[in-house]
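Beneath this line is the structure, given in structure tokens, with notes to follow.
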Amino acid sequence: MSNKVKMIEGRLTVPDNPTIPYVVGDGIGADIWDAAQGVFDAAVEKAYKGSKKVDWKEVLAGGKAFDLTGEWLPQETEDAFAQYLIGIKGPLMTPVGGGIRSLNVTLRQNLDLFVCLRPISYYKGIETPVKAPEKVDIVVFRENTEDVYAGFEISSSDPKVEKLKAFLKAEMGWDIKGETGLGLKPMSKESTERLVLEAVKYAIKNKRKVVTLVHKGNIMKYTEGAFRNWGYEAALREYPDFVTKDPKESDKILINDCIADAFLQNILLKPEAYDVVATLNLNGDYCSDALAAQVGGIGISPGANINYHTGVAIFEATHGTAPDIAGKNMANPSSVILSGKMMFEYMGWQEAADLLEKGISTTIASKKVTGDLASMMTGNPVTLGTKEYAALIIQNM
Ligand code: NAI
């Protein structure tokens, strides 16, 4: 039997020995990947006693790829993600300047990974800046391909910017003065609908109660405001039996919306009001990191970039390469481990996912953790190295 994950008639089909490509990542990538791979294999072994096993396949990206092949993101790597559907990656450094686009953004665009999925909840034992972090249990669906991330941007020093300004003046009557860089913010009906419908599907499947559309439609009426309107329309059109705008219909999922700045206040004031959030690319970037900080999880939050139609999904650590602690057995591998938990859930290997959750939550609650977490804990936490922390997670599964 083929060991490729496949999408057959809209359903993901996962063999017992799937080949899963992984990118180690730069900086602390090697520290956290080695630890995480051991934890993943232990969870799968414990859950399935040898009847299932991941066949890991290394693919290159980032600094390691550049050193070995002269390319930051070899075509082979993109092809492997497209071919095997499910992949996982550590952090990648983005070379500053020189016009090299973020590798993460490139992968998201080229593979059309239209959802950036960021579940955010609290782990007992972690110190946080808020009084009741356990009230946060929010899953963010961030549109991943459009908005100001689309890459339609032009420098003030590019001669073409004057042409564009002249066109905008002549055709639109827009008077853009002085030395100005310009960017476009596209937001299409198609991308809105596919994002919002996945958020609704997730809410139905996971018995969530509310889907909130977060936008700045009061200011950007034809992009963010359109996202709001198209989002409501699509959800109510496609799932009339499951979704309502009327809070009195308590047997259905409530769909509502919130202006992004109010949302950033409300997540501090009444986070329990939010459940599943669907939002545009830039709002999603800000909101998911603000929420992660609120639960003290900025260094451990997981993420995934998914195209639910083709099945292609890349799970990833959301922190950077932390060059200051690379190679020192100090890095916290929780973010990549929890992204692996999301990966197993996506594959339908729920038992392995549950073991990872148990291992991580028990270990963090025991306050035997890596230095970044220990430094934020009261009550005599014990600082462990990356390897020792991973070993304890396995023990606690
Ligand atoms: P960073 O997340 O690498 O580091 C910020 C701080 O957090 C540092 O003090 C670092 O030691 C600490 N830290 C981060 N991850 C940690 C972990 N797992 N365990 C313990 N401590 C951890 O952010 P920074 O410094 O802004 O970026 C460094 C590089 O990472 C840049 O090249 C940037 O482009 C890249 N980056 C890549 C991302 C990705 O691939 N998803 C995301 C963010 C940044």
Inset, instruction - Please work out if Ala61 is among the aliphatic types (A, V, I, L, M), touching a residue at least 40 places away in the same chain (Cβ under 8 Å) and either part of a loop (DSSP other than H, G, I, E, B) or within 16 Å of the ligand (Cβ to nearest atom) (or both). - result: yes
Legend entry - Only one of Val369, Val277 that is over 21 Å from Phe40 (Cα atoms) and open to solvent by less than 10 Å² (accessible area, probe 1.4 Å): Val277
Legend entry - Unique match (being open to solvent by less than 20 Å² (accessible area, probe 1.4 Å) and closer than 19 Å to Ile314 by Cα) among Leu85, Leu73: Leu85
Legend entry - Total residues in the stretch 14-38, condition within 14 Å of the ligand (Cβ to nearest atom) and either part of a helix (DSSP H, G or I) or of a type in the set (S, T, N, Q) (or both): 8
Legend entry - Total residues in the stretch 74-96, condition modelled with pLDDT under 95 and in contact with a Lys or Arg (Cβ under 9 Å, 6 or more places away or on another chain): 1
Inset, instruction - Go through the residues of the stretch 28-41 one by one and say whether even a single one is loosely packed, with under 14 Cβ neighbours inside 10 Å, of a type in the set (Gly, Ala, Ser) and at pLDDT 95 or above. - result: no
Inset, instruction - Could you tell me whether the stretch 73-88 includes any residue that is not hydrophobic (A, V, I, L, M, F, W, C) and not in a helix (DSSP H, G or I)? - result: yes
Legend entry - Lone qualifier among Thr13, Thr19 - being hydroxyl-bearing (Ser, Thr, Tyr), open to solvent by less than 30 Å² (accessible area, probe 1.4 Å) and out of contact with any Cys (no Cβ under 9 Å at 6 or more places or on another chain): Thr19
Inset, instruction - Mind listing whichever residues of the stretch 245-265 are open to solvent by less than 30 Å² (accessible area, probe 1.4 Å) and in a helix (DSSP H, G or I)? - result: Ala260, Phe263
Inset, instruction - Identify all residues within the stretch 96-105 that are closer than 20 Å to Thr318 by Cβ and either within 11 Å of the ligand (Cβ to nearest atom) or free of Cβ contacts under 8 Å to residues at least 24 places away in the same chain (or both); write none if there are none. - result: Val96, Ser102, Leu103, Asn104, Val105
Legend entry - Scan of the stretch 175-194 for residues that are of a type outside the set (D, E, K, R), open to solvent by less than 50 Å² (accessible area, probe 1.4 Å) and within 24 Å of the chain's Cα centre (by Cα), ordered by number: Pro186, Met187, Ser188, Ser191, Thr192
Legend entry - strands (runs of 3 or more DSSP E) contained in the stretch 312-390 and holding at least 1 residues more than 12 Å from the ligand (Cβ to nearest atom) and over 23 Å from Leu113 (Cα atoms): 368-370, 382-384
Legend entry - Conditions (1) open to solvent by less than 20 Å² (accessible area, probe 1.4 Å); (2) within 16 Å of the ligand (Cβ to nearest atom): number failed by Asp67: (1)
Inset, instruction - Could you tell me which numbered condition Ile88 fails, if it satisfies all but one of (1) of a type in the set (Val, Ile, Thr); (2) under 22 Å from the mean Cα position of the chain (by Cα); (3) away from the ligand (no atom under 16 Å from the Cβ)? - result: (3)
Legend entry - Failed item in (1) more than 16 Å from the ligand (Cβ to nearest atom); (2) assigned to a helix (DSSP H, G or I); (3) within 28 Å of Glu198 (Cβ to Cβ), with Lys4 passing the rest: (2)
Inset, instruction - Please work out if Glu153 is farther than 29 Å from Lys207 by Cα and either at pLDDT below 95 or surrounded by 12 or more Cβ atoms within 10 Å (Cβ to Cβ) (or both). - result: yes
Legend entry - Gly297, sole failed condition from (1) within 15 Å of the ligand (Cβ to nearest atom); (2) free of Cβ contacts under 8 Å to residues at least 40 places away in the same chain: (2)
Legend entry - Selection status of Leu269, of a type in the set (A, V, I, L, M) and either more than 16 Å from the ligand (Cβ to nearest atom) or more than 28 Å from Lys89 (Cβ to Cβ) (or both): yes
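The values are calculated or read from the model by the stated rules, or taken from the named source; none is laboratory data. Computed from a predicted structure; not experimentally measured. Positions of Cβ are backbone-derived with ideal geometry, glycine not excepted, and every protein chain shown enters the neighbour counts. Calculation scope for accessible area: heavy atoms of the full protein, side chains included, ligands and nucleic acids excluded. Shrake-Rupley method; radii C 1.70, N 1.55, O 1.52, S 1.80 Å.
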